[in-house]
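We did not get these values from a lab; they are worked out from the coordinates using the rules stated. Keep in mind that this is a model prediction, so the values were computed, not measured. Reconstructed Cβ throughout: ideal geometry from the backbone, glycine too, with neighbour counts over all protein chains shown.
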Amino acid sequence: MTSRRIRRLLFVLALSGTAILHTQLFAQWTQTGGPAGGSITSFVVNGSTVLAGTPNGGVYASANMGSSWTASSAGLTNRWVRALAVQGSHIYAGTAAGVFSSSDNGTTWASLGTTFSNVTSLASTGGVLMAGVANDGVYVSTDSGATWHRTLNGVSASCFGIGAAGIYAGTRGDGIFLSTDNGTVWYNQIAGLPGLARQVRALMPRGLNMFAGTAAGLYVSTNGGSSWSQVAGPLAGNSVTALAQNSFTLFAGTGTNGVFVSTDAGSTWVASSSGLADTHVVSLLWNATILLAGTSYAGVYQSTDAAATWTYTSYGIPNAPVSVLGQSGTTIFAGAAGAGVFTSTNGGGWWAPANSGLTDLDVRSMAISGQTVFAGTYSGVYRSTNGGASWTAANAGISSLAVAALSAGTGGLFAGVGAPAPGMAVYRSTDSGSTWSPASNGLGTAGIANAFLARGQKLFAGTDIGVFVSTDNGANWAGAGSGVGSASIFALAP
């Protein structure tokens, strides 16, 4: 969570006019049951259990093919999990503090005491375990992780692929390496991989071919890595971040445009992301008849029809990057950057996504007026009149749609935006968001209104050049006294 989001959360309940008592600020805190989501960096299957690795959240396990999840991180003293692998009866987790091992299907973990850290990838083949380490090469173990030796120095190995020609290691900027002797010697295989294509995100064998997902698209080698060629079509130019397959279909996840599928061994591809609200795909896993997609912000999605449609199934992984909170009656709303809106009707114990019609899931602000809920995104304001069940855009009159702050009160609805020109940082609506008009007179060169606070007849705005105050419902603004100066203000609280 960024510092800006932390500052904004200090103002969370002011959205609904609810004050936070000072005594509450120093109370004990416990994590709620959500909202579910966050980044899913890796998947692995062991028997009937699917494990998912997350940054800062550790490992989660699913016993129902990814439909729901439970925390599975006991003993995992570092929760920044970037990679998972299975070797025999052991599961391995690559973390920022080295490699951990579990012999009970992920229930408990123990550190292997590796001398290296910042593990970005893991692979297992036969009795060989490999770990890719950021800027430190590849480490190899032949005794289940008891001892390790470095075999490829100085590169950041981001992924591995076990193919017919040997073991492939994809790197962040140095292309692809191939070892034909279980990692003892490596050969750089970059013919046909120009520029960004040497930033390799994923590797996957298919028969005698090897596919490479790169920052410049999808590449394939038909000759054991000696040369590579780009796959034409919609994946060209896309950052291909994840690859998976079953007997008939290949799947490719991209960094911004969701999932693509191929039913002709990778020659042609079509987009297949219906229901995948977060199209920033980080990881993919095919397991029997189920395809799982791990995303950057919203967690796990599941497809039971080979990616034709997707269902949100991140329940139990409470890692969504929450930017703002609000409350209407007994319903709590949470806006999450990249994951949309969630609602809870049991005091935060359980959360459900509420994103129908919300085409931009990067929710940065919320306001509540009566039974109407407003969400501010980088694509403008969205309005719900049914408790978040559905949303419609409400931006008529707003010239900049990057909405950073919202406030609802007796003087109307106010939106703080990324100003396209000086004096255009605030807009006001008096008809519940149907139309908007500028309300920025006196704000001068304030680049953006990041936060609002209504106190009696006064409305305060925290901007990139300090705090301003209006006593006439935003018609005019003036500097709010000395002490703050021109500091950037991201949150206000009574």
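Numbers below:
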item: Relative contact order of the chain, pairs being alpha-carbon contacts under 8 Å that are 6 or more residues apart, as %; result: 10
item: Segments 314-323, 263-272 sorted - mean Cβ within 10 Å per residue, highest first; result: 314-323, 263-272
item: Pair Ser488, Thr263: separation of 7 Å Cα→Cβ label points (nm); result: 4.9
item: Spin-label model distance (nm) - Ala396 vs Ser379, 7 Å beyond Cα toward Cβ; result: 2.1
item: Stokes-Einstein D (µm²/s) once Rh is taken as the Kirkwood radius of the stretch 424-494 over alpha-carbon pairs, at 4 °C in 1.567 mPa s; result: 107
item: Stretchable slack from Thr345 to Leu196, in nm (0.36 nm times residue separation minus alpha-carbon distance); result: 49.0 nm
item: Difference of contour (0.36 nm per residue) and Cα-Cα distance, Thr222 to Ser89; result: 44.5 nm
item: Taking the convex hull of Cα positions in the stretch 153-292, its mean projected area over all directions (nm²); result: 8.0
item: Positive-end residue, the chain charge dipole about Cα centroid, Cβ charges, pick of Ala93, Ala396, Gly207; result: Ala396
item: Cβ charges +1 (Lys, Arg) and -1 (Asp, Glu), total dipole of the chain, debye; result: 720
item: Descending semi-axes in Å of the stretch 347-494, equivalent ellipsoid built from Cα gyration tensor; result: 25, 16, 14
item: Extended-chain gain in nm, criterion 0.36 nm per residue less alpha-carbon gap, Lys458 and Asn441; result: 4.6 nm
item: Cα-only Debye scattering, the chain: base-10 log of I(q)/I(0) at q = 0.05, 0.08, 0.09, 0.11 Å⁻¹; result: -0.22, -0.55, -0.68, -0.93
item: Span per principal axis, largest first, for the Cα atoms of the stretch 109-201 (Å); result: 41, 26, 20
item: Cβ crowding within 10 Å averaged over residues, with 373-380, 472-479 ranked highest first; result: 373-380, 472-479
item: Karplus-derived HN-Hα couplings along the stretch 364-381 (A = 6.51, B = -1.76, C = 1.60, θ = phi - 60°), whole Hz, x at Gly and Pro; result: 10, 7, 8, 8, 10, 10, x, 9, 9, 10, 10, 10, x, 10, 6, 10, x, 9
item: Charge dipole magnitude, Cβ of K and R +1, D and E -1 - the stretch 42-312, Cα centre, debye nearest 20; result: 260
item: Listed peptides 358-367, 178-187 by packing density, highest first (mean Cβ within 10 Å); result: 358-367, 178-187
item: Isotropically averaged projected area of the stretch 42-312, using the convex hull of Cα atoms (one quarter of hull area), nm²; result: 12.2
item: Cβ-derived FRET efficiency at R0 45 Å, Trp29 paired with Arg150, nearest 0.05; result: 0.60
